[in-house]
């Protein structure tokens, strides 16, 4: 839940504004009437932020052992954890940003389909973390 909340804050405060600066804001962004494009952009940015955070958490979780790290990634990326993390983020930050980043459509979409994105990101992070750990231990063992 904390990872989801942090990722969504990252999307709201850093990734979203940078994305809009580079590519422009979609039609009707942050207005009383929001377009499908604005919702899609917000959902995409939130998905990118969640993927990056779960990749990083997978890398960090490497030290916990492969079996517990895999269990953790599946537990952290389940629909209930994602949904509760989103609601916590919404409660803490609403209305401090564009409406598109607090919609219930985004909440439902991320809760239901987020695990399809986040479990592979966490597993990839675990694999990267294992390779880094193996490389560092081999380098240390060889005296380099």
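The values are calculated or read from the model by the stated rules, or taken from the named source; none is laboratory data. As the structure is a prediction and not an experimental result, all values here were calculated from the model. Neighbour counts run over all protein chains shown; Cβ positions are idealised from the backbone, glycine included.
Consider the stretch 113-144 and keep the residues that are exposed (fewer than 15 other Cβ atoms within 10 Å of the Cβ) and under 14 Å from the mean Cα position of the chain (by Cα). The one that is nearest to residue 51 (Cα to Cα) is 116. Here residue 87 meets each of (1) surrounded by 16 or more Cβ atoms within 10 Å (Cβ to Cβ); (2) touching a residue at least 24 places away in the same chain (Cβ under 8 Å) with one exception, condition (2).
From the list 129, 97, the one residue that fits, being touching a helix residue (DSSP H, G or I) at 6+ places or on another chain (Cβ under 7 Å) and more than 17 Å from residue 45 (Cα to Cα), is 129.
Residue check: is residue 35 under 28 Å from residue 133 (Cα atoms) and either modelled with pLDDT under 90 or surrounded by fewer than 18 Cβ atoms within 10 Å (Cβ to Cβ) (or both)? Taking the combined requirement at face value, the residue does not satisfy it.
Are there any pairs with C-beta distances below 7 angstrom linking a residue in the stretch 48-71 that is free of Cβ contacts under 8 Å to residues at least 40 places away in the same chain to a residue that is in a helix (DSSP H, G or I), with the two at least 6 apart or on different chains, and if so which? Qualifying pairs under 7 Å: 48/15; 64/72.
Is it the case, given these coordinates, that residue 124 is over 18 Å from residue 43 (Cβ atoms), outside any loop (DSSP other than H, G, I, E, B) and in contact with a helix residue (DSSP H, G or I) (Cβ under 9 Å, 6 or more places away or on another chain)?
yes
If you go through the stretch 100-117 and keep only what is within 22 Å of residue 72 (Cα to Cα) and free of Cβ contacts under 8 Å to residues at least 24 places away in the same chain, you end up with 113, 116.
Here's the yes/no breakdown for (1) more than 17 Å from residue 98 (Cβ to Cβ); (2) crowded, with 19+ Cβ neighbours inside 10 Å; (3) touching a helix residue (DSSP H, G or I) at 6+ places or on another chain (Cβ under 6 Å):
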position: 22; (1), (2), (3): no, no, no
position: 30; (1), (2), (3): no, no, no
position: 41; (1), (2), (3): no, yes, no
position: 44; (1), (2), (3): no, no, no
position: 50; (1), (2), (3): yes, yes, yes
position: 56; (1), (2), (3): yes, no, no
position: 61; (1), (2), (3): yes, yes, yes
position: 72; (1), (2), (3): yes, no, yes
